[in-house]
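What follows is a short report on a single structure.
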Amino acid sequence: MTVNALTMYEDKSFWARDFGPYIPNPALQESIKVDVAVVGGGFMGLNTAREFRKDNPNARLAVLEGEVIGNGASGRNAGFNMTLFGLEPQVTKLRWGKQRTVEAYRYMVKAVNYTKDIIESNQLDSDYSHPGFLRVAYSPSQVKTLQGAFQEFQDLGLADEMGMRWVEQDELRSNFNSPLFSAGLTETHTGLMHPTKHVRELKRLAVEAGAEIYEQTPVTLIERQGDEVVLTTPGGKVRADKVVLATNAYTHLLQGLRGMRSRQFPMWTSVIVTERLTDEQWASIGWKDRQAMEDVRQLLHYFRPTADGRILIGGQDIHAPWAMHSNMDHDHNPETWRGLEAHLKRMFPGLRDVNVAYRWCGAVSVNADMTPEIGFVGDERIICSTGCLGHGVSLTHLNGRLVADLLNGSKTELTDFWIVNRNAIRLPGKVLSWMGTKAVRHTLKTADRIFERNMPA
Ligand SMILES: Cc1cc2nc3c(=O)[nH]c(=O)nc-3n(C[C@H](O)[C@H](O)[C@H](O)COP(=O)(O)OP(=O)(O)OC[C@H]3O[C@@H](n4cnc5c(N)ncnc54)[C@H](O)[C@@H]3O)c2cc1C
């Protein structure tokens, strides 16, 4: 791989650019036999590898990453180590009932603490802070929606456990100089990280635990042969007793196994990062606690400060072009990037002169029932994780521990989590799924237009 070809990875996000030159591990150049092969080098694959090797120091485990560590969502996300599970709690409760919703949120609180603990106990260079989370409503309808969510968390008995507090407009406006902020809901269990630094620190931990990591090693075919699963890569075959598919939004493109296309599809979300703000610009907007933030739109915005004093804002729209069925090269969405910049300046008029320095997109994994899933594929030799939507940072870390338990054949508190081998609704086929995406996007956009009719000017 030439230096020029490698620098293209630095354009994948502000985080990758900020990380600077990265030298990947060599690609696989021979055929090998391992106990466990992990396909995909994101949070999920790397933490599974780290945990399994810690449990089984004599086992051979290889991680096969098709591009470089951090190429997927794990290197490009907004870095919220957060408790949100699937969509809104009301939606989860409607589909899965009260008990399972409570279990899911308790799992997420554990996941946030577990991720924070990995960072702190290993002193990872992940630019981690733990400033909490604030959701803000702009219009009277959005205030009602947010009150509904708070009420739901109270009814579920989770609001205190999750450190939630309602914030009235006066208090909000004393902390933020924004004409849009009308009410808010805070939560203590949320941290912020630099995702590219963090995923590459996780790589270091996995290597230190004894995992072999091969980068630029795409798996092009997966076959069962006798007792083994055989993975084909350009440089050689990997024969494995067990395989973990940690390929997230790319899973529909895996070749050789039945049912991968109907498990999930990718949806791209767009992000921009400003240049560094001056002290005057920071003073003009407030935001003293520098917490993670989202709004209450259907197609929501997520925004946060970076450790070096910029603002990241993402969301607002999603795209899932037809070509997603053959490749994942859809990292470009100028219309949404422009919309994000306009929204940032509307939200914080003090930033009217700030320039945008970076723009990118990344794919999240979406399934038919909008709920994360970990499951065996065919039999217990192959395990797959999908459907984290845009809330997979903490989840994929703890899921890595859970999948290590499954690989060990152990029944634990984690493997009892109901997302494991759940009865998932499968996608109805390429054309219908694609049309469904368009319809959902249209509905969400319309709902936002209606809910924002009475927004402050
Ligand atoms: C823009 C954006 C913002 C987000 N913000 C947040 C947030 O703030 N908080 C939050 O909780 N979640 C967020 N998410 C979601 C979160 O980032 C993901 O859920 C999580 O990182 C998924 O991790 P993963 O390891 O499962 O997958 P990924 O990180 O996507 O890793 C999958 C890897 O598999 C590799 N791969 C694919 N196919 C093959 C193959 N055939 N052979 C070998 N390798 C292969 C890919 O190259 C990739 O590196 C965001 C996502 C995006 C895109």
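To check you understand DSSP bridge types, tell me what percent of the beta bridges within the chain (both residues inside) are antiparallel, rounded to 5. That works out to approximately 70 percent antiparallel. Averaging 1/r over every pair of different alpha carbons in region 218-273 and inverting the result gives a Kirkwood radius of 12.8 Å.
The gain in end-to-end length when the E208 to Q147 segment is fully stretched comes to 17.3 nm, 0.36 nm per residue minus the alpha carbon separation.
Across all C-alpha atoms in the chain, the radius of gyration and Dmax reach 21.4, 67 Å.
In whole percent, and with a 1.4 Å probe on the protein chains, what portion of the accessible area of region 352-433 is carbon and sulfur?
Percent of accessible area from carbon and sulfur atoms in region 352-433: 48.
The slack in the chain from A307 to S410, taken as 0.36 nm per residue of separation less the alpha-carbon distance, amounts to 33.1 nm.
Since only G409, I425, S13 are under comparison, the one whose Cα sits farthest along the positive direction of the charge dipole of the chain, derived from C-beta charges on Lys, Arg, Asp and Glu, is I425.
Under 19 Å of direct C-alpha separation, and excluding same-chain neighbours fewer than eight residues apart, K445 reaches these lysines: K144. Entry for region 112-172 at q = 0.13, 0.26 Å⁻¹: log10 I(q)/I(0) = -0.52, -1.08, Debye formula applied to identical alpha-carbon scatterers, no solvent contribution. Listed by chain and number, the lysines placed with their C-alpha closer than 28 angstrom to that of K411 are K33, K54, K93, K98, K110, K116, K203, K242; residues fewer than eight positions away on the same chain are left out. Here the extension length gained between N355 and E275 equals 28.2 nm, from 0.36 nm per residue of separation less the Cα-Cα distance.
Extending 7 Å from the Cα toward the beta-carbon at both R381 and A447 defines two label points whose distance is 4.3 nm. Think of the chain as having a plus end and a minus end, set by charges on the Cβ of Lys, Arg, Asp and Glu; of H130, F376, L28, F376 sits farthest toward the positive end of this dipole. As a calculated quantity, the FRET efficiency between T188 and Q90 at R0 = 25 Å, using C-beta atoms, amounts to about 0.70. Per residue, the solvent-accessible area of the chain (1.4 Å probe, heavy atoms of protein chains only, all protein chains present) comes to 40 Å². Placing dummy labels 7 Å off each Cα toward the beta-carbon, the span from S174 to S284 is 2.5 nm.
What percentage of the solvent-accessible surface of region 48-97, computed with a 1.4 Å probe over protein heavy atoms, is contributed by carbon and sulfur atoms?
For region 48-97, the apolar C and S fraction of the accessible surface comes to 53 percent.
Given +1 at the Cβ of Lys and Arg, -1 at the Cβ of Asp and Glu and no other charges, the dipole of region 117-246 around its Cα centre is 480 debye to the nearest 20. At each listed q (0.16, 0.22, 0.23 Å⁻¹), what is the log10 of I(q)/I(0) that the Debye formula gives for region 326-414 modelled as equal alpha-carbon point scatterers? Once normalised to I(0) and log-transformed, intensities are -0.82, -1.12, -1.17.
The values are calculated or read from the model by the stated rules, or taken from the named source; none is laboratory data. In this text, all values refer to a predicted model and were calculated from it rather than measured experimentally. So basically every Cβ, Gly included, is an ideal-geometry build from the backbone, and we count neighbours across all protein chains shown. The area values use the complete protein model at the heavy-atom level, side chains included, leaving out ligands, DNA and RNA. Shrake-Rupley method; radii C 1.70, N 1.55, O 1.52, S 1.80 Å.
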